[in-house]
């Protein structure tokens, strides 16, 4: 095998990290504003880093336990890869959080000079997260593959990444939404004070939550998506191409994807009067075009044909289409969000009904286009005459969809930085013109976050299918027989898991939010002069409520995702586990799209009303929209985005532990026989 080409992967990873370091230094040198702004920013930074430290300490127990299990039952090499996958996922979140909590206050200060300067700082902060994700992901995978030369072993890296991602998404989501719900319902609805008002005791916890949920959690989410798409290509490519082409192509393409994302980020420039969304799209389109050109050249030179190019193109184009569809259902520029805003005039009930219907509608077209990507990539590469090659095509489509992850994460992480900047501007008493700029950036950020989730969900379906194909190869399953009652039981169990998982996440947010609401009410009631602005709220207690709830409630959903596939495989056998994964992929993808898009639409309907439509801030329609947005918060930021991690984590658990199922699977069935 030509290892010289594979070396390009870790080299590109290092380039991404160096670019992230350059951007971080650039942000650090920017003006952080007045003393009040620096004080508020320090509260947010300290709260975010304190939570992250406690979260990682909690996760260290899980990491040690799984590491020991892998050493004892699989092999030490896979265990080492798992350890590095978990560690690099943690580092990606840590680096992104450090810079995001510096960029927020500098974005607010930059907004005093104009929209374009604020966009530049916020996007640079997001780009640090994006480059950290792809840099650490490709560096880790590339080095481990060069060391072990075995794609089955590096699946452990994916297991580590997926495990940490699930805990980070659920824990961060519970934290941020408990604070957000408490701050909104008591502050905006009951007390009638503006969003991010410094009199609100939950306001610091809310801004901390933007970082732990939407920066660190989202970063870990797309880190595992990115790594999973590469691993699915490697495992199938190793089976198909004994001379190494199937390994070289995805690693080199991922390396080119990093360079394309860096170049694309340089095109994110706007002017004072333009929509920031246009500038962000420019970067995405440039990155995508560069990847298409590179994949054309690589496909011809490595495989001697253009089949791999067409598979990559199918995934990438469908990814962009899903992004556009997500924008159509979640942006206030389109009729769906405007319809929800209009329905808010008759109260919270009609707002919620309208939002749910938009979320349900929004599942149809993405599924159609995901299906198109599956069929095109499968039949272009091999079809029924060479099904394994066709499945490799599906893996390449997933890789194509995530080839510009550096840019996708940058655009996504920009949103919470802009949101924080608005909060700091409000709490610091900056002029209304500044808050208007940060609100514009934040509104675009809600849409970009929804687009990022759309990419993650679409790629999850394709990656899970490819990993499932690798699992079937590992355990020797040729087909899934739905007429077999054992398999059907697996499908049913898999179908219900995302609902059970979502219920646990939503309930956790509800319980934590309840504590937060009571605490905020207590402080408004018992602290003299708080509502008059003559006293300082107890921010620390609210931060502690979110922290403790998140750390406590994230454990069960995360452990379930690992334990359930192992139990099903051992008790009911490899085919039942195949059914479990199939059921989970179908229901998980649908639930994820519904939740992400409903939540995004509710949020932007509220912001649309706040521009002055349907009575503006403080109107009956606005209060109804706040309720809808509050329902949507755990939808779009806790339960929804966790679904795509859930289905990939279960699939990669099945793949890593496949040797156990071959040897010991179906113990319960054997006893019944």
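Using the alpha-carbon centroid of each, what span in Å lies between segment 1-32 and segment 318-342? Their Cα centres are 34 Å away from one another.
Report the full-extension gain for the segment residue 333 to residue 61: residue separation times 0.36 nm, less the Cα-Cα distance, to one decimal in nm. Write out the running numbers ahead of the final one.
On the way: separation 272, 0.36 × 272 = 97.92 nm, distance 4.63 nm.
93.3 nm is the gain from fully extending residue 333 to residue 61.
Taking a ≥ b ≥ c as the square roots of the Cα gyration tensor eigenvalues, segment 80-150 comes out prolate, since a/c reaches at least 1.5 and a/b is larger than b/c.
Which of the peptides 656-666, 541-551, 312-322, 471-481 is most tightly packed, and how do the rest follow, going by the mean number of other Cβ atoms within 10 Å of each residue? Write down the numbers at each step before the final one.
Working: 656-666: 19.1, 541-551: 23.2, 312-322: 24.9, 471-481: 16.7.
Answer by packing, highest mean first, reads 312-322, 541-551, 656-666, 471-481.
With the cut-off at 19 Å, report for segment 543-635 the share of all Cα pairs above it, as a whole percent. In whole percent, the long-distance tail amounts to 64.
Taking the C-alpha atoms only, the angle from helix 387-401 to the longest principal axis of the chain is near 20 degrees.
Percentage of Cα-Cα pair distances in segment 1-64 greater than 13 Å, rounded to whole percent?
78 percent
Among 539, 285, the order by Cβ neighbours within 10 angstrom, fewest to most, reads 285, 539.
In whole angstrom, note down how far apart the Cα centers of segment 140-210 and segment 106-135 are. Here the answer is 19 Å between Cα centres. Can you give the FRET efficiency to the nearest 0.05 for residue 278 and residue 555, using r as the Cβ-Cβ distance and R₀ = 56 Å? That pair, residue 278 with residue 555, gives E of 0.85.
Computed from the C-beta positions of residue 350 and residue 496 and an R0 of 25 Å, the FRET efficiency is 0.25 to the nearest 0.05. Work out the FRET efficiency for residue 25 and residue 46 from their Cβ-Cβ distance, taking R0 = 30 Å, and round it to the nearest 0.05. FRET efficiency, residue 25 to residue 46: 0.85. Cβ crowding within 10 Å, taken as a proxy for footprinting-reagent exposure, orders 90, 451, 293 from fewest neighbours to most as 293, 90, 451. For a test of the definition: using alpha carbon positions, the gyration tensor, and the 1.5 limit on a/c, classify segment 378-525 as rounded, prolate or oblate. Oblate, because a/c is 1.5 or more while a/b does not exceed b/c.
Over segment 229-271, the alpha carbon radius of gyration divided by the compact-protein estimate 2.2 N^0.38 Å works out to 1.61.
Our Cα-only numbers for segment 281-373 put the radius of gyration and Dmax at 18.6, 62 Å.
Fewest neighbouring Cβ atoms within 10 Å first, the residues 327, 575 line up as 327, 575.
Compared with the alpha-carbon gap, the fully stretched path from residue 372 to residue 112 is longer by 88.9 nm at 0.36 nm per residue.
Shape class of segment 441-518 from the Cα gyration tensor (axes a ≥ b ≥ c, square roots of the eigenvalues): oblate, since a/c reaches 1.5 or more and a/b does not exceed b/c.
When the helix-only estimate is applied to the chain (DSSP H runs of n ≥ 4, each -39,500 (n - 2.57), divided by the residue count), what is the mean residue ellipticity at 222 nm, nearest 500 deg cm²/dmol? Provide the component values of the computation, followed by the final result.
Numbers: 25 runs with 546 residues, N = 673.
After summing the helix terms and dividing by the residues of the chain, the value is -28500 deg cm²/dmol.
In what sequence, highest mean first, do 455-468, 46-59, 296-309, 204-217 appear when ranked by Cβ atoms within 10 angstrom? Before the final figure, lay out the partial values.
Working: 455-468: 29.0, 46-59: 18.9, 296-309: 16.6, 204-217: 30.6.
In descending order of packing, they fall as 204-217, 455-468, 46-59, 296-309.
Size descriptors for the chain: radius of gyration and Dmax over Cα atoms are 23.7, 77 Å. Taking label points 7 Å from Cα along the Cα-to-Cβ direction, residue 538 and residue 522 give a separation of 0.6 nm. Working from Cα positions, state the angle (0 to 90°, nearest 10) between the long axis of helix 218-240 and the longest principal axis of the chain. Helix 218-240 sits roughly 10 degrees off the main axis of the chain. Using only Cα atoms and rounding to the nearest 10 degrees, what angle (0 to 90) does helix 405-428 make with the longest principal axis of the chain? Approximately 20 degrees, to the nearest ten.
Spin-label model, residue 503 to residue 306: label points 7 Å out along the Cα-to-beta-carbon direction sit 5.1 nm apart.
All of the numbers you see were taken from the coordinates with simple rules; none came from a lab. Since the model is a prediction, treat every value here as computed from it, not as a measurement. Note that each Cβ is placed from the backbone with ideal geometry, even for glycine, and that neighbours are counted across all protein chains shown.
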